[in-house]
1. Name the one entry in E243, E226 that is outside the structural domain of L16 (by TED's automatic domain parsing), surrounded by 19 or more Cβ atoms within 10 Å (Cβ to Cβ) and of a type in the set (D, E, K, R).
2. Can you report the number of residues in the range 52-75 which are surrounded by 13 or more Cβ atoms within 10 Å (Cβ to Cβ) and out of contact with any Ser or Thr (no Cβ under 7 Å at 6 or more places or on another chain)?
3. Residue by residue through the range 78-124, note down the ones that are part of a loop (DSSP other than H, G, I, E, B), of a type in the set (A, V, I, L, M) and touching a residue at least 12 places away in the same chain (Cβ under 8 Å).
4. Go through the range 125-143 and count every residue that is part of a loop (DSSP other than H, G, I, E, B) and closer than 17 Å to I277 by Cβ.
5. Do we find a residue being assigned by TED's automatic domain parsing to the domain that holds D267 and in contact with a Gly (Cβ under 8 Å, 6 or more places away or on another chain) anywhere in the range 174-182?
6. Scan the range 154-206 for residues that are surrounded by fewer than 19 Cβ atoms within 10 Å (Cβ to Cβ), more than 16 Å from A272 (Cβ to Cβ) and modelled with pLDDT under 95 and report the count.
7. Looking at (1) of a type outside the set (S, T, Y); (2) touching a strand residue (DSSP E or B) at 6+ places or on another chain (Cβ under 8 Å); (3) closer than 30 Å to P22 by Cα, which is the only condition A244 fails?
8. Where in the range 241-319 are there helices (runs of 4 or more DSSP H), lying fully within it, with 3 or more residues that are within 17 Å of H162 (Cβ to Cβ), in contact with a Gly (Cβ under 9 Å, 6 or more places away or on another chain) and hydrophobic (A, V, I, L, M, F, W, C)?
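The values are calculated or read from the model by the stated rules, or taken from the named source; none is laboratory data. Keep in mind the model is a prediction, meaning the values are calculated, not measured. Methodologically, a virtual Cβ is constructed for each residue, glycine included, from the backbone with ideal geometry; neighbour enumeration extends over all protein chains shown.
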Amino acid sequence: MNSQKHVVVIGGTGHLGTYLVPRLVEAGFKVTNVSRQKREAYLPNKAWQSVTQVGIDRTEAEEAGTFGTQIAELKPDIVIDMICFTLDSCQQLVGALRGKVSHFLHCGTIWIHGHSTVTPATEDLPRQPFGEYGIQKSAIESYLMTEARQHGFPATAVHPGHIVGTGHLPINPVGHRRLDVFEKLARGEEVVLPNFGLETVHHVHADDVAQVFMQAIFNWSQSVGESFHAVSSGALTLRGYAEAMAKWFGQEANLKFVDWETFKANDPDSDATWDHIAHSPNASIEKARRLINYAPRYTSIQAIIECVEWLIESGEIKI
């Protein structure tokens, strides 16, 4: 039956699409990828040979008011939007697809929660987003859930954590993406963490995020009108993350803890660290387990290690 269903993925050649699109093809769906320019997926897969590629510049099309219509003209049964970042953008697309698709899936973010309050956070907690990215994603989720629950639009929202895997730079134990942190841990050198290193990050392998999308599609009646976290089974503290990586490198973590102002004055990427520790995401996957049978294959550390191994092999991390 899946071979009769047409899935349009908007932005399918990015990190998530690299894993999701082959899963869709292998499940028997007809797949069309819509992107601004032709770009190879992060990893090769023969499944891409059967994917139809359509080039649309979303920004230009939205300014012209034609993007939603162009997607509708592809006659999809299912639309997966990986690259929607504003409420206006979402509203234009939904307006054009209303009554024309059986399922609409939006890729959000766990940053919709803003500051952590109760942990692990469940999807039904009140939203307290901050920063334009989290605020817009939260507004999109709210809009889609209202459209689904009150107006019958078949929407599902999937909220990934910090995505990792082959081909992607991980958020490191300091809360930014500099690779020298892993090099220092590998050599047993001192790594400076802010405060007591007890803020959290919540990673997820890109293939596990793809699994959430697939399970939402396969469990349509349970997923429409719902949002789901797409994260590993457990968040990591910065300290725990650093210690686990040092151990993997065969070292004992050499950590120094300093107050925030001292850290900020000495780390040129402290703005990124602040974004991560201010959010300190720690999200529950119990709802996704219960309703759509989500079962992540990777723990946070397992997903990060795969990524780090690739970076070592490619010469990006030098140890």
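1. Exactly one of E243, E226 is outside the structural domain of L16 (by TED's automatic domain parsing), surrounded by 19 or more Cβ atoms within 10 Å (Cβ to Cβ) and of a type in the set (D, E, K, R), namely E243.
2. Summing the residues that are surrounded by 13 or more Cβ atoms within 10 Å (Cβ to Cβ) and out of contact with any Ser or Thr (no Cβ under 7 Å at 6 or more places or on another chain) in the range 52-75 gives 12.
3. Correct list: M82, I83, V101.
4. Summing the residues that are part of a loop (DSSP other than H, G, I, E, B) and closer than 17 Å to I277 by Cβ in the range 125-143 gives 3.
5. No, that holds for no residue.
6. Looking only at that region, the number is 1.
7. The one condition A244 does not meet is (3).
8. Here the list reads 270-279, 300-313.
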